[in-house]
Amino acid sequence: MRIFDEKGITLYELLAAITILAIVLPVIYGVFQSGLSLYNKIQIEGQIRDDADYAVSMMMNSFNSIPFDYVTIEGDSKISLYDTEKTVFEKNTKENSFFYTYDKEKIKPENAKVSSIAFVDHQLKNETITSVSINNQILEGSGDFTGSKVRLSCSKTDPENKNRCLHGLIHITFIIDQARLNRPLTLESQFGF
């Protein structure tokens, strides 16, 4: 008795399907894998850029919120802001009323209030990394700023001491590394004061 039931597939059809899948699946897998790795890279770089933007905005906030008279630079990793004046209020009386006047007094440089912005080394999860520090307070972030530099370009210096910058431009070069990146990301920024 012969069975003429043609339901199912032949061996040739099965081999053809397996051959086509063997060609198409690696291509689909490769596209999927490269898309996934590109997504991870973009996500990490975005996070690192956010860390750098946060660091620059905190530096700019320091320059705008901390009173200072001049700026100095130490090496390529630290900027110091010096406040060498203090405001003195004096109560005055005239007839039946009183009022206040104020005056600014110079402070000796050794007694001046000093604020700093620096790249400093510290421990994080049993690893030494470099981070941004403002007034000895380390900014949070996931990147390692090792190799980052800060430069100062003065447009006006103190006539008494050329190392004191009164007006200028801060140039920052961030070299930020992260464990999940293949190589460090380099970003540059600058702002004036």
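Bear in mind these aren't lab numbers, they're just calculated from the coordinates by the rules spelled out. This structure is a prediction, so every number in the text was calculated from the model and none was measured. Note that each Cβ is placed from the backbone with ideal geometry, even for glycine, and that neighbours are counted across all protein chains shown.
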How much length, in nm to one decimal, is gained on full extension between residue 41 and residue 105, taken as 0.36 nm per residue of separation minus their Cα-Cα distance? 17.6 nm
So how far apart, in nm, are the two label points at residue 19 and residue 64 if each is 7 Å from Cα heading toward Cβ? 6.9
Taking Cα atoms, how many degrees apart are the long axis of helix 11-65 and the longest axis of the chain, rounded to 10 and kept between 0 and 90? 0
Given the peptides 78-87, 151-160, arrange them by the average over their residues of other C-beta atoms within 10 Å, most packed first. 78-87, 151-160
The correct pair for region 5-113, radius of gyration to one decimal and Dmax as a whole number, both in Å and from Cα atoms, is 36.0, 122
Lysines with Cα under 16 Å of residue 149, excluding same-chain neighbours fewer than 8 positions away: 78
Stokes-Einstein D in µm²/s, Kirkwood radius over Cα pairs - region 82-138 at 37 °C with 0.692 mPa s viscosity: 216
Can you list the lysines whose alpha carbon sits under 30 Å from that of residue 91, skipping same-chain ones fewer than 8 residues off? 104, 106, 108, 113
Specify the residue with the greatest mean-square fluctuation among 42, 20, 134, computed from a Gaussian network of the chain linking alpha-carbon atoms under 10 Å apart. 20
Sorted by average packing, counted as other Cβ atoms within 10 angstrom per residue and highest first, what order do 24-30, 175-181 take? 175-181, 24-30
Based on alpha-carbon centroids, what's the gap between region 154-177 and region 1-69 in Å, whole number please? 44
If the elastic network links every pair of Cα atoms under 10 Å, which of 48, 172, 18 fluctuates the most in the Gaussian network model of the chain? 18
Checking a compactness column here: for the chain, what do you get for Rg(Cα) / (2.2 N^0.38 Å), N being the number of residues? 1.93
Give, in nm to one decimal, the length gained when the segment between residue 7 and residue 158 is fully stretched (0.36 nm per residue of separation minus the Cα-Cα distance). 44.8 nm
